[in-house]
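J.: Here you go, one structure.
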Amino acid sequence: MSLLTVVVELAVVVAAMLVTAGLVIIGPRRLAEASRDPRWRFERCAPPLMILAVVLLIRWSTVDVTTRLEWRVIGQNITPYLFGIEDAIFPANPVSVLQSFSSPEVTTFFVFVYIYGYAFLLLFPFLAYFALEEMDDLSTLILAFTANYAIGLCCYILFIAYGPRNFDPILFEGLLYDAFPQSRLLTNQVNQPTNVFPSLHTSLSMTVLFLAWHSRQKYPVWLPVSGVLAISVVLSTMYLGIHWFSDVVAGTALALVSVYIGRHYTFKRILGGARTYVDAIRDARRRPDSE
C-alpha cells in the first residue's frame, strides 16, 4: 500500500466522521448560516492561523537543523531516566499493564483511535467554532495549538527520548506497526523516533477536551464525545508502545499551559505586546542621540 492510498483512506474516513458530527453536534442550521457568511469569519481567524502556519512551517522545514541541534549541541537522552522513574514509582510499568490486556479487538480500537480518531478530534473543533457567531473560541483554539507545537518543538530539541517500543522491543510491543504496518508510511512523514517527550498526541487531544469544557454551553454534546476520544487517544499512545506515562503527564501539563495561553493571550494582545516591545527598543536607541 502506497503513502497516497493511506492518506486518501484517512481523508475519506475522517471526512465521513466530520460530516456526521457536524450534522449531529453543530446542526444543519448553524452550518448553513456559517456557509452563507464565511468571509468575516475567515478575516477574524486569519491572523492566528498565519501564526500557526508559520510555526508548522518552521517545524517541518527545519527537521535536519533541529535534529543536528538535538543530537550534537543541546539534546540530552532522557529515555533511561523516564524508564527508571516509572520503574521506581509503579509496581509494573503502565505501558506493560495496558499491553497485558492486548487482543485483536482492543488493538484494532486503539489503532483506529490513534490515527483516525485523533485526526477527527483535532479537526472538528475548527469546524464547530467556525460555525459560532463569535470567533473567540476559534482564535483560542488556534493559539493553543500554536503554543503546543512551538513548546513541543523546543522540548524535542532539548530532550532526546525514545518510546517504549524503541527502548526495549522485548519488554514492550510495537503494536501499531504490527497491527497496521502501512501506518509507518504516514508516521515517518510527520514524526521522528525521538519526538516523544512530551506527547503531542496527548497535549493536543487534552487541549481539545479542555476547550470543549469551556465551550460546553455552546456544544454540550461535544464535551462527552471529546472526552471519550481524548482519553482513548491518551491510552492508545501507551497501549501501542509509542509513549511513556511520563510523556502523557508532560503532554497534559503542556495542554494546560497552551489553553491558558490561548485564552489569555489573544492575537491582538500578542500583536500589541510586540509593538510595545519594538517601540521601547526604538525609544532606547533614540535617547542617546537626543542628549
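J.: Once the other residues with Cβ under 15 Å from the Cβ of HIS243 are scored (Lys, Arg +1; Asp, Glu -1), what is the net sum?
T.: -3
J.: Here is a follow-up. Name the residues whose placed amide hydrogens come within less than 5 Å of the amide hydrogen of ILE160, ignoring near sequence neighbours (fewer than 5 apart) on the same chain.
T.: GLN76, ASN77, ILE78
J.: Taking 7 Å along the Cα-to-C-beta vector as the label spot, tell me the GLN192-GLN217 distance in nanometres, rounded to one decimal.
T.: Here the modelled spin labels are 4.4 nm apart.
J.: Mind listing the phi-derived Karplus ³J(HN,Hα) values for segment 84-98, rounded to whole Hz, using 6.51, -1.76 and 1.60 with θ = phi - 60°, and x for any glycine or proline?
T.: x, 5, 5, 5, 7, 7, 9, x, 9, 4, x, 5, 5, 4, 5
J.: Full extension from GLU33 to GLN182: what is 0.36 nm times the residue separation minus their Cα-Cα distance, to one decimal in nm?
T.: 49.7 nm
J.: Can you tell me the length gained on complete extension of the stretch LEU3 to LEU56, counting 0.36 nm per residue apart and subtracting the Cα distance?
T.: 17.0 nm
J.: Let me ask something else about it. What residues of segment 143-172 lie in the reach of a label at TYR81, counting those whose backbone N is under 18 Å from a point 7 Å from the Cα along Cα→Cβ?
T.: It comes to 152-164, 167, nothing else.
Read-outs: derived from the displayed coordinates by stated rules, not from any lab. What you are looking at is a predicted structure, and each value in this text was computed from that prediction instead of being measured. Reconstructed Cβ throughout: ideal geometry from the backbone, glycine too, with neighbour counts over all protein chains shown.
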